[in-house]
2 protein chains.
Amino acid sequence: MLSVENLFADIPRVRPEEIITQIVRADDIRIERIVSFGQASPPGFWYDQETNEWVLLVKGSATLCFSDGREIDLVPGDHVLIPRHLRHRVERTAPEGETVWLAVHYGGA
Amino acid sequence: MLSVENLFADIPRVRPEEIITQIVRADDIRIERIVSFGQASPPGFWYDQETNEWVLLVKGSATLCFSDGREIDLVPGDHVLIPRHLRHRVERTAPEGETVWLAVHYGGA
C-alpha cells in the first residue's frame with residue numbers, strides 16, 4: 001500500500017517529449033510531475049485552466065508568462081500559485097538538462 | 001496577486017525549532033513547507049491524521065516509521081502518500097543542515 005517513489009527517477013537520457021506523470025489523483029486534487037527538456041508552449045498558446053495550479057520548480061529553470069504581461073523567471077525552489085483562468089504560458093525551459101516541476105491542481109469550478 | 005516565493009528562503013542559520021509554513025490553504029487542500037533541523041517525533045508519539053498526506057522530501061534526509069512496522073528512509077526527491085489515519089512518526093531527520101519537506105494534505109473526512 002505504502003510505496004516510496006522518487007521525483008527524479010525514470011527520466012530518459014535522450015531528449016524526448018515533455019513527460020507528465022500523475023502522482024496523486026483524487027476528487028479534489030491532482031498532483032503531477034512534469035519533466036521538460038527545453039520545451040516551451042507553442043507560439044500563441046495560452047493555458048486557461050479550470051483549476052488553481054500551485055507549481056514548484058524543483059530542478060532546472062523556466063520562464064512563465066501571464067496574460068497581464070508579467071514574466072516570471074523560476075529557479076529551483078521557486079513556487080507560484082496560478083489562479084484558475086489566469087492565462088499563462090511556459091515561455092522557456094532550460095535548454096540543457098531537464099527541468100522538473102511539481103504541479104498541484106485543486107479547486108475546480 | 002501573483003507572487004513567486006522560494007521553498008529554500010527564510011531558513012534561519014542557527015538550529016531552531018522545526019518550522020512549518022503554510023503555502024496554500026483552501027477548502028480542500030493545505031500545502032505546507034516543513035523545515036527540520038534534526039528533530040524527530042517525541043518518543044511514543046504517533047501522527048493519526050484526518051487527511052491524506054502526500055509528502056515529498058526536497059532536501060536533507062529522514063526516516064518515517066509506520067504503525068505496521070515499516071520503516072522508510074527518504075532522500076531528496078522521495079515522496080510517499082500516507083493515507084488518513086495510518087499512524088506514523090518521524091523517526092529521524094538529518095542531524096546536519098536542514099531537511100526540507102513539502103506536504104500536501106487533502107481529502108479530509
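The values are calculated or read from the model by the stated rules, or taken from the named source; none is laboratory data. Note that the coordinates shown come from a computational prediction; the quantities given were computed from them, not determined experimentally. We place every Cβ from the backbone using ideal geometry, glycine too, and count neighbours over all the protein chains shown. Just so you know, the surface numbers come from the protein's heavy atoms only, side chains and all, with ligands and any DNA or RNA stripped out. Shrake-Rupley method; radii C 1.70, N 1.55, O 1.52, S 1.80 Å.
Every residue, every condition in (1) among the hydrophobic types (A, V, I, L, M, F, W, C); (2) under 25 Å from residue A:22 (Cα atoms), yes or no:
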| residue | (1), (2) |
| --- | --- |
| B:57 | yes, yes |
| B:64 | yes, yes |
| B:78 | no, yes |
| B:86 | yes, yes |
| B:90 | yes, no |
| B:100 | yes, yes |
| B:103 | yes, yes |
| B:107 | no, yes |
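I'd like the residue in the stretch A:44-69 that is out of contact with any Lys or Arg (no Cβ under 9 Å at 6 or more places or on another chain) and open to solvent by less than 50 Å² (accessible area, probe 1.4 Å) and, out of all such residues, is farthest from residue A:88 (Cα to Cα).
Among those residues, the one meeting the criterion is A:60.
Please work out which one of (1) buried (at least 16 other Cβ atoms within 10 Å of the Cβ); (2) modelled with pLDDT under 95; (3) farther than 21 Å from residue B:95 by Cβ is the condition residue B:32 fails and give its number.
Looking at each condition in turn, residue B:32 falls short on (2).
Looking only at the stretch A:70-99, filter to residues that are of a type in the set (Val, Ile, Thr) and touching a Ser or Thr at 6+ places or on another chain (Cβ under 8 Å); which one of those is surrounded by the fewest Cβ atoms within 10 Å (Cβ to Cβ)?
A:75
For the stretch A:12-28, state whether one or more residues are within 11 Å of another protein chain (Cβ to nearest Cβ), more than 20 Å from residue B:103 (Cβ to Cβ), in contact with a strand residue (DSSP E or B) (Cβ under 8 Å, 6 or more places away or on another chain) and open to solvent by less than 20 Å² (accessible area, probe 1.4 Å).
no
For chain A, which fully contained strands (runs of 3 or more DSSP E) count at least 3 residues that are under 21 Å from residue B:28 (Cα atoms) and free of Cβ contacts under 8 Å to residues at least 40 places away in the same chain?
In chain A, the matching strands (runs of 3 or more DSSP E) lie at A:19-25, A:78-82.
In this structure, does residue A:41 turn out to be surrounded by fewer than 17 Cβ atoms within 10 Å (Cβ to Cβ) and either more than 8 Å from chain B (Cβ to nearest Cβ) or hydroxyl-bearing (Ser, Thr, Tyr) (or both)?
Taking the combined requirement at face value, the residue satisfies it.
Counting only residues that are at the interface with chain B (Cβ under 7 Å from one of its Cβ atoms) and β-branched (Val, Ile, Thr), which one in the stretch A:65-104 is farthest from the chain's Cα centre (by Cα)?
Going through the qualifying residues, I end up with A:72.
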